[in-house]
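Read through the structure below, which is laid out as structure tokens, and then see the notes.
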Amino acid sequence: MRRLGASRRSAIPAFEVMRITDRIAHRRAEGHDVVSLCAGEPSARPAPGTLKLAGYTGPLGTAPLREAIAGHYRSWYGVEVEPGRVAVTTGSSGAFQLAFLTAFDAGDRVALASPGYPAYRNILTALGVQVVEIPTGGDTRYQPTPALLDAAVAEHGELAGLVIASPANPTGTMLGRSELTALVEWCRARGVRLVSDEIYHGITFPAPDDPDPRGTSAAELDSEAIVINSFSKYWGMTGWRLGWALLPQGLVAPFEALASNFALSPPAPAQELALTAFTPESYAERDAVVEGFARARALILEAEPALDWGDAAPSDGAFYYYSELGPQLERYGSATAYAAALLERADVAIVPGVDFDPSTSSGQAAGDRAVRLSYAAGEAAVAEALDRILRFQG
């Protein structure tokens, strides 16, 4: 059984200047008048009305933001997370890069569901990690299962990691508590590092009696899991490029060493703004936005018979609808051709599924039989798009 440790590639010295910067911030927060001759950071202040000063923070983010994120897990999930295990990153993309570097070595095998977010596959491949695709479909609600993982191990060999996403992109499907627990236990029994993408948590469409309406976090079930989230989706702060990772205690130091060399620190202005995300007013505002997503989703589900496409994922959360094209595939030959024609003739842009599922059969990528619609644009835009799609299909 593989030992759950840090990767060999993460055994690099931390950028000591940035670690000292973090300690300076802690000293000043305690009331000490620290004179810093440490960082290569000009002391001259921008003139008023020109540039706003934004200095380096610690490589894992400011203490107040890390504490606020830990409080978010206490509030939403009832789980206690040490702020020291929170790493603020430059977007969730930065979190994935650093997490993969920290947890896996070149040549390791890491499994992920297909269809799935292409950046997982692409980042892992760029790092020399062997990606093991787990084909999924409606029978498993487009999510991996222990049985599918057993089959993958039998075919490819032992795994070092498993990447899951709930809600998932592009399907919007979610892992319930029992399904997630089964995957956590499978990973724990085999020494497999679990990486849980939870960036769409909060954008969910639960049944009235659902005990976990915002989704179940892997942080509730396994302190050895790496949990990744972001301010981009539920809070809508895409351009601020700020995410975070919850790390097992044993990975904090190597993750910090990599972060201090790769990015120095997350963006300071974004961290300051992000502190306002965890207020009752902010949650209420964002939940109202999610209600708008729900209305847009309902329009698509109501239009399913008229669209006359093929099998679709349940779309439990996020803001995506992923469906095979059915009769339209016969007419256009591929999802790529359908999407191109829809844009050219009806001015509606949707995404063919080739990025999400590049596996091939009969000479065609599986994803080129499906499309993804995002209803993040809101109810009015979705209503107009559906009207145009139906007129386009004639």
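The values are calculated or read from the model by the stated rules, or taken from the named source; none is laboratory data. Keep in mind it's a predicted model, so treat the numbers as computed, not measured. We place every Cβ from the backbone using ideal geometry, glycine too, and count neighbours over all the protein chains shown.
Taking (1) over 22 Å from Ala70 (Cα atoms); (2) at pLDDT below 95 in turn, Leu307 satisfies each apart from (2). Taken together, the residues in region 57-70 that are more than 15 Å from Ser230 (Cα to Cα) and either in contact (Cβ under 8 Å) with a residue 40 or more places away in the chain or touching a Phe, Trp or Tyr at 6+ places or on another chain (Cβ under 7 Å) (or both) amount to 5.
Restricting attention to region 84-117, the residues being more than 14 Å from the chain's Cα centre (by Cα), closer than 29 Å to Ala147 by Cα and not in a loop (DSSP other than H, G, I, E, B) number 7. Look at (1) more than 27 Å from Asp287 (Cβ to Cβ); (2) in contact (Cβ under 8 Å) with a residue 40 or more places away in the chain; (3) of a type in the set (Lys, Arg) and you find that Arg188 fails only one, number (2). Any residue at all in region 84-103 that is among the charged types (D, E, K, R) and either modelled with pLDDT under 95 or exposed (fewer than 15 other Cβ atoms within 10 Å of the Cβ) (or both)? No, region 84-103 has no match at all. Take Ala298 and tell me if it is free of Cβ contacts under 8 Å to residues at least 60 places away in the same chain and under 30 Å from Pro64 (Cβ atoms). Spelling it out, it is not the case that Ala298 is free of Cβ contacts under 8 Å to residues at least 60 places away in the same chain and under 30 Å from Pro64 (Cβ atoms).
Out of everything in region 180-213 that is of a type in the set (D, E, K, R) and more than 13 Å from Ile164 (Cα to Cα), what residue ends up being farthest from the chain's Cα centre (by Cα)? Here the residue is Asp209. The residues in region 181-215 that are aliphatic (A, V, I, L, M) and not in a loop (DSSP other than H, G, I, E, B) can be counted, and the count is 6.
Residue by residue, here is whether (1) under 24 Å from the mean Cα position of the chain (by Cα); (2) buried (at least 22 other Cβ atoms within 10 Å of the Cβ); (3) assigned by TED's automatic domain parsing to the domain that holds Trp309; (4) part of a helix (DSSP H, G or I) holds:
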| residue | (1), (2), (3), (4) |
| --- | --- |
| Arg331 | no, no, yes, yes |
| Ala337 | no, no, yes, yes |
| Ala340 | no, no, yes, yes |
| Leu343 | no, no, yes, yes |
| Ala349 | yes, no, yes, no |
| Val354 | yes, no, yes, no |
| Leu373 | yes, yes, yes, no |
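The single condition among (1) in contact with a Leu (Cβ under 7 Å, 6 or more places away or on another chain); (2) touching a residue at least 60 places away in the same chain (Cβ under 8 Å); (3) of a type in the set (Phe, Trp, Tyr) that Phe231 does not satisfy is (2).
Every residue, every condition in (1) within 25 Å of Pro115 (Cβ to Cβ); (2) at pLDDT 95 or above; (3) of a type in the set (A, V, I, L, M), yes or no:
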position	(1), (2), (3)
Gly172	yes, yes, no
Ala207	yes, no, yes
Asn229	yes, yes, no
Pro248	no, yes, no
Phe255	no, yes, no
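One line per residue, one yes/no per condition, for (1) crowded, with 22+ Cβ neighbours inside 10 Å; (2) more than 23 Å from the chain's Cα centre (by Cα); (3) farther than 18 Å from Ile389 by Cα; (4) small (Gly, Ala, Ser):
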site: Gly292; (1), (2), (3), (4): no, no, yes, yes
site: Ala296; (1), (2), (3), (4): yes, no, no, yes
site: Glu302; (1), (2), (3), (4): no, yes, no, no
site: Pro305; (1), (2), (3), (4): no, yes, no, no
site: Ala313; (1), (2), (3), (4): yes, no, yes, yes
site: Leu325; (1), (2), (3), (4): yes, yes, no, no
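From the list Pro248, Pro327, pick out the single residue that is assigned by TED's automatic domain parsing to the domain that holds Val81 and touching an Asp or Glu at 6+ places or on another chain (Cβ under 8 Å). Criteria check complete, one pass: Pro248. Screening region 255-269 for residues that are surrounded by 19 or more Cβ atoms within 10 Å (Cβ to Cβ) and in contact with a Gly (Cβ under 9 Å, 6 or more places away or on another chain) and picking the one that is nearest to Trp240 (Cα to Cα) gives Pro266. Ser178 passes every criterion in (1) in a helix (DSSP H, G or I); (2) among the hydroxyl-bearing types (Ser, Thr, Tyr); (3) in contact with a Pro (Cβ under 7 Å, 6 or more places away or on another chain) apart from (3).
Which ones in region 314-361 are touching a residue at least 40 places away in the same chain (Cβ under 8 Å), over 20 Å from Gly137 (Cβ atoms) and not small (Gly, Ala, Ser)? Listed by number, the residues that qualify are Phe319, Leu342, Arg345, Asp347, Val348.
Does region 207-232 hold any residues that are over 20 Å from Gly250 (Cα atoms), among the charged types (D, E, K, R) and touching a Phe, Trp or Tyr at 6+ places or on another chain (Cβ under 9 Å), and which are they? Of everything in region 207-232, those that are over 20 Å from Gly250 (Cα atoms), among the charged types (D, E, K, R) and touching a Phe, Trp or Tyr at 6+ places or on another chain (Cβ under 9 Å) turn out to be Asp212, Arg214. Working only within region 121-147, note down all residues that are touching a residue at least 40 places away in the same chain (Cβ under 8 Å), surrounded by fewer than 20 Cβ atoms within 10 Å (Cβ to Cβ) and either in contact with a strand residue (DSSP E or B) (Cβ under 9 Å, 6 or more places away or on another chain) or assigned by TED's automatic domain parsing to the domain that holds Ala365 (or both). Hits for region 121-147 are Glu133, Pro135, Gly138.
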